[in-house]
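> My structure is below; once you've seen it, I'll send some questions.
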Amino acid sequence: MRRTTPLRSPLARTAPVVSALVAAALLTACGAGRAGTERPGAGRGGAAESPSSVQVDDPGKDGVRVTSLTLPSVSPSPTPSPTRSYLVSADSLAPESEVVAGYEVTNEGTETLTYSVVITFMSADGGAMANETATVRDVGPGKTVRGSVRATGLPPTAPRVTQAKVLEVTKVPAGEAPAEPGTCPASGVRVSADRGDAAMGLRVVGLRLQNCGTRRYTVEGYPLLKLLDSDFQPVDGVTVLDGSGEITTGAGPDERPRPVTLGPGESATAALVWRNTTEFGTAVNVPYVQVRAKAGADPVTVTPNLDLGTTGKLGVRPWKKAER
């Protein structure tokens, strides 16, 4: 018996070719319509460019200097192509967190210190883009501690950061440093100073006493102060006054000292008041103030940097309970 092979029409023979052409066209259309399948800055292997390090020329201050600066790489613009499109996404832009300054702190003194370091990030024209503060605790004599700090809050339209340097350094004896945020010393109280307020030559720096312990804490009268120079030695020639009446009447009347009892979580405030008038004589600067909340309390050294001019007077307002 003869087997007969069925005849195939021309349309049937061309169907696979047509199907392949249609599939290719669909794939091309898909690739053109789905932006983001290839991002600028990614090579053929799809790997994004890594951050780059730039040379840093920072002479430093007080044993602290910037040693490195890591910046996000600038991604090259892709070559335009009529058959592909690109999506610039958040992944393809350099995040601000990639701007990192490395620093080192060397204690050239004879006692263990805690440092507060302000590092400024700058653009090519020297403009400050961001200032960041790092606290480096318990650096022993002759020891070097290294760390890094990230620039934050850089707006997308800000000029590109190209340099960083140490702007300000303060250091205090490690045993007298203000407590780290979120911690409570063995004394059960935290003492700190604010950044101060200035108006027409009048200066006011606030002191804050917080009961971070579990028992009630009572103070009465004025905080006990010791004014110190840059070598932590007592400063002569300054009269510390109870109250601010001899300094100014513009800050309101002095309150009468009275007992202040703080429950756990409550705070009290006091204030340092002075004028930085400069006339005849030598101006006095007090970078450090050792504060005791009351007699017998542990000392805490704060860094208000009192520029007392030639007045030779510093007024102190008594403790009062802070409003919640």
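> Would region 114-124 turn up any residue that is in contact with a Pro (Cβ under 6 Å, 6 or more places away or on another chain) and surrounded by fewer than 16 Cβ atoms within 10 Å (Cβ to Cβ)?
yes
> Given the structure, is R84 at pLDDT below 95 and of a type in the set (K, R)?
yes
> What single numbered condition from (1) in contact with a strand residue (DSSP E or B) (Cβ under 7 Å, 6 or more places away or on another chain); (2) open to solvent by 30 Å² or more (accessible area, probe 1.4 Å); (3) over 28 Å from K171 (Cα atoms); (4) not hydrophobic (A, V, I, L, M, F, W, C) fails to hold for T249?
With (1) in contact with a strand residue (DSSP E or B) (Cβ under 7 Å, 6 or more places away or on another chain); (2) open to solvent by 30 Å² or more (accessible area, probe 1.4 Å); (3) over 28 Å from K171 (Cα atoms); (4) not hydrophobic (A, V, I, L, M, F, W, C) applied to T249, the lone miss is (1).
> Is it true that A186 is of a type outside the set (K, R) and either more than 18 Å from P299 (Cβ to Cβ) or in contact with a Lys or Arg (Cβ under 7 Å, 6 or more places away or on another chain) (or both)?
no
> Here's another thing I want to ask about it. Suppose we filter region 149-186 for residues that are of a type in the set (S, T, N, Q) and open to solvent by 80 Å² or more (accessible area, probe 1.4 Å); how many remain?
Qualifying residue count for the region: 1.
> Check off (1) among the aromatic types (F, W, Y); (2) part of a strand (DSSP E or B); (3) within 24 Å of V169 (Cα to Cα) for W319 and give me the number that stays unchecked.
Of the numbered conditions (1) among the aromatic types (F, W, Y); (2) part of a strand (DSSP E or B); (3) within 24 Å of V169 (Cα to Cα), the odd one out for W319 is (3).
> Select from region 273-302 the residues that are polar (S, T, N, Q), within 26 Å of the chain's Cα centre (by Cα) and open to solvent by less than 50 Å² (accessible area, probe 1.4 Å) and list them in ascending order.
Answer for region 273-302, where residues must be polar (S, T, N, Q), within 26 Å of the chain's Cα centre (by Cα) and open to solvent by less than 50 Å² (accessible area, probe 1.4 Å): Q290, T301.
> Against the condition within 18 Å of S68 (Cβ to Cβ) and open to solvent by less than 80 Å² (accessible area, probe 1.4 Å), how does V189 come out, does it pass?
no
> How do the pairs read when you match residues in region 272-286 that are without any contact (Cβ under 8 Å) to a residue 60 or more places away in the chain with residues anywhere that are open to solvent by 80 Å² or more (accessible area, probe 1.4 Å) and in a loop (DSSP other than H, G, I, E, B), using Cβ under 8 Å and keeping only pairs 6 or more apart or on different chains?
N285/N305; V286/N305
> Can you name every residue in region 267-295 that is closer than 28 Å to R256 by Cβ, modelled with pLDDT of 95 or more and not aliphatic (A, V, I, L, M)?
S267, T269, Q290, R292, K294
The values are calculated or read from the model by the stated rules, or taken from the named source; none is laboratory data. Everything numeric in this text was worked out from a predicted model, so none of it was measured. Please note: Cβ atoms are built from the backbone with ideal geometry, for glycine as well, and neighbour counts cover all protein chains shown. What goes into the accessible areas is simple: the full protein's heavy atoms, side chains included, and nothing from ligands, DNA or RNA. Shrake-Rupley method; radii C 1.70, N 1.55, O 1.52, S 1.80 Å.
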